[in-house]
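The values are calculated or read from the model by the stated rules, or taken from the named source; none is laboratory data. Here the structure is a predicted model, which means the values were calculated and not measured. Note that we place each Cβ from the backbone using ideal geometry, even for glycine, and neighbour counts take in every protein chain shown.
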Amino acid sequence: MSLPPGFLDELRNRVPISRVIGRKVVWDLRKSNQARGDWWAPCPFHQEKSASFHCDDQKGFYYCFGCQAKGDALTFLREMDGLEFIEAVKLLAAEAGMQMPEPDPRARERGDRRDRLLEVTEAACRWFRLQMQTGAAAEARDYLARRGMDRDTEDRFEIGFAPDSRTALTRALREKGLDEALIVESGMSARPDGGGAAYDRFRDRIIFPIRDGQGRCIGFGGRAMAAAARAKYLNSPETPLFDKGRNLYNLGPARAAVAKGQRLVVAEGYMDVIALVRAGFEAAVAPLGTAITEDQLRLMWRVSPEPVIALDGDAAGQHAARRLIDLALPLTGPGQALRFVVLPAGQDPDDLLKSAGAGAMRALLDQARPLVDLLWSRETEGQVLDSPERKAALDRRLQQAIARIPDDLTRRHYADEIRTKRRELFGGDWQKRRGGPAARRAGPGAAGQGPARRGGASMAPRAPRPSATVSTPQSGEWLLEGASLLICALRPELIPATESRLERLVPQDPDRGALLHDLLSGTDTAAGRRALETLRADAHLGLTPAVIESQDDAAATAILTNLLERLEAQRAAGTELVRAEAEIQGEADEGLTWRMQQTARARHRAERPDMEDSGDLNEDRDALSAQLESWLNGQIWRKPPRR
């Protein structure tokens, strides 16, 4: 539908965005400034306790500093309530007391034709329901009874029957005054390729009406009664009303159930959904006879941020679930996650509910596994990982999969989970590969070789050789990075506690990159050894071995963690400055201002770990101002205070 210029602006001006959002959140009145139309609340798009969700009546926009959700009142209605754009406009216009504009003639014609097609499908639905009560449907009624279906369930899901007649439905619809061309266009009938009278698409089948999110009958699914039928299940063809890859069975009732607190469960077929609903899991949906598509995934996420996929426990169901990984990874992120239920072998939700009851199904849903677990299982089950090459191939497959995740924070957490699982899989060799505490207790080496070595490095301070290339500090980052790598080489037992931070170092120097890889993977390369020798010979790091050797594990870990925190804070500061230069145009955006403040605070905390973070930005204003001033003046390296 085409809207005239200025209509949406007038709509937004008439209805304060806080009025629309206020129905879904509880405003934090201590932080909000009602007189200025400045509102704060916990974000409705993700679970949190702090008020990081900001709504500005003057600008007409909202923004969450936690999950980065943003938009106007129409965006909020679409994302929160799952409305289409025009539906959100109509809802807002009704609240504003504005008349919706008349559609253009072509849009009106398309809308009128769609309405006429809906008349055909609704009439067909009623006719199918009547046929279920005839003698021809006796076998169908017996089948439903054997599947545990009662009359109330049949009525709730409007289950009908298509008799084994070539033209019964087409004839009945024409007798109601409906045009045959519309009957064919709606998918209820088809014409022979060679010409002739239209014939019914659904014959001798139990019929399941398919309704969209607004409750309109857009198509049908039919289960064949004859065992020799060419297709056990048959859906309506693609029509102006029906696109099976963009709809879900039972969508409208499921969305209402999710709004009441139930979790969205995605089953495989019509009967599974009906069984789940009868057992009390009313937020159940199913794809329409195909593998889950990207459009269906997005539709699920508009209903719930974390649907539970409960496909059949047979090989085909498990294969479909694992195939879904590749579809979901490029789309996943905060507020768009998936969990998976692994059903017993050979069972679907209907079978499980009949054999074990709703309690067993609820227990499985409570134990649903995240997407990262399914990814790990897919890449490791049945694999023999008994060589460096096979382990490297596993790492490469996992890295390539994780690299497809667009959200940086989500991708980082996936990497952390994969590292944990990898350590569990190869756990017995972890400390051995890295020279853990056992290596520390091994005592001095062979006679004449000096103190024991960790990770191939002698523990005694070594004077630079005349031929050695002594690195000069290029910046504070260079020293922090070098000290961190040297400590890890000297005390490899500290690596597991700081591995996720080490993974994010990405040294610019190739030799340092090789050393980091050696430390994390337990390998030994010539480039890594060369980098270690250079670090040991660096005059600026000369006291590091003596200092770190004098500390116990807890103190040494604290030192290493602080070095890595300071390094991350300094690099983040540089990154934000580059982004700020690119983003600031005129008045600074509030999101950019917030990021700059948070980056400065992180750097301040890293450089002054002895100072307590009050949690109130106002109390740290002077310190933050000094940090920002020194930051902008290019004073990158700041030594920690003496204690």
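Kindly evaluate F208 against the criterion of being in contact with a strand residue (DSSP E or B) (Cβ under 6 Å, 6 or more places away or on another chain), in contact (Cβ under 8 Å) with a residue 40 or more places away in the chain and outside any helix (DSSP H, G or I). Yes. Kindly list, by first and then second residue, each pair from a residue in segment 258-271 that is under 17 Å from L343 (Cβ atoms) to a residue that is among the charged types (D, E, K, R) and part of a helix (DSSP H, G or I), limited to pairs with Cβ atoms under 6 Å and residues at least 6 apart or on different chains. Close Cβ pairs satisfying both conditions: M271/D350. Look at (1) closer than 24 Å to A224 by Cβ; (2) out of contact with any helix residue (DSSP H, G or I) (no Cβ under 9 Å at 6 or more places or on another chain) and you find that L353 fails only one, number (2).
Do we have V372 as among the β-branched types (V, I, T) and more than 15 Å from V265 (Cβ to Cβ) here? If you could, list the steps in order and put the result at the bottom.
Numbers: among the β-branched types (V, I, T): yes; more than 15 Å from V265 (Cβ to Cβ): yes.
Against the criterion (among the β-branched types (V, I, T) and more than 15 Å from V265 (Cβ to Cβ)), V372 qualifies.
Taking the criterion of being among the charged types (D, E, K, R) and touching a Pro at 6+ places or on another chain (Cβ under 8 Å), the residues of segment 388-416 that qualify are R404, D407.
Quick check on my filter: what residues within segment 309-320 are out of contact with any Pro (no Cβ under 7 Å at 6 or more places or on another chain) and buried (at least 22 other Cβ atoms within 10 Å of the Cβ)?
Scanning segment 309-320 gives I309, L311, D312.
Put simply, of L352, L364 the only residue that is touching a Pro at 6+ places or on another chain (Cβ under 7 Å), buried (at least 16 other Cβ atoms within 10 Å of the Cβ) and more than 29 Å from T498 (Cβ to Cβ) is L352.
R454: at pLDDT 50 or above and either of a type in the set (K, R) or in contact with a Cys (Cβ under 6 Å, 6 or more places away or on another chain) (or both), yes or no? Step through it out loud before you land on a result.
Numbers: at pLDDT 50 or above: no; either of a type in the set (K, R) or in contact with a Cys (Cβ under 6 Å, 6 or more places away or on another chain) (or both): yes.
Spelling it out, it is not the case that R454 is at pLDDT 50 or above and either of a type in the set (K, R) or in contact with a Cys (Cβ under 6 Å, 6 or more places away or on another chain) (or both).
Counting only helices (runs of 4 or more DSSP H) that sit completely within segment 305-373, those holding 1 or more residues that are farther than 30 Å from L144 by Cα and aliphatic (A, V, I, L, M) correspond to 315-328. Checking each residue in segment 126-161 for being in contact (Cβ under 8 Å) with a residue 12 or more places away in the chain and acidic (D, E) picks out E139, E154, E158.
Only one entry of R147, R166, R114 meets the criterion of being more than 18 Å from V184 (Cβ to Cβ) and either at pLDDT 95 or above or assigned by TED's automatic domain parsing to the domain that holds I207 (or both), and that entry is R147.
None of I292, I274 is modelled with pLDDT of 95 or more, under 24 Å from G187 (Cβ atoms) and surrounded by 19 or more Cβ atoms within 10 Å (Cβ to Cβ) except I274. Quick one: would you say L299 is among the hydrophobic types (A, V, I, L, M, F, W, C), assigned to a helix (DSSP H, G or I) and outside the structural domain of G148 (by TED's automatic domain parsing)? Spelling it out, it is not the case that L299 is among the hydrophobic types (A, V, I, L, M, F, W, C), assigned to a helix (DSSP H, G or I) and outside the structural domain of G148 (by TED's automatic domain parsing). Scanning segment 258-269 for residues that are crowded, with 22+ Cβ neighbours inside 10 Å and hydrophobic (A, V, I, L, M, F, W, C) gives L264, V265, V266, A267. Exactly one residue out of Q99, Q131 is polar (S, T, N, Q), touching a helix residue (DSSP H, G or I) at 6+ places or on another chain (Cβ under 9 Å) and surrounded by 19 or more Cβ atoms within 10 Å (Cβ to Cβ): that is Q131. Scanning segment 477-491 for residues that are out of contact with any Ser or Thr (no Cβ under 7 Å at 6 or more places or on another chain) and assigned to a helix (DSSP H, G or I) returns E477, W478, L479, L480, E481, G482, S484, L485, C488, A489, L490.
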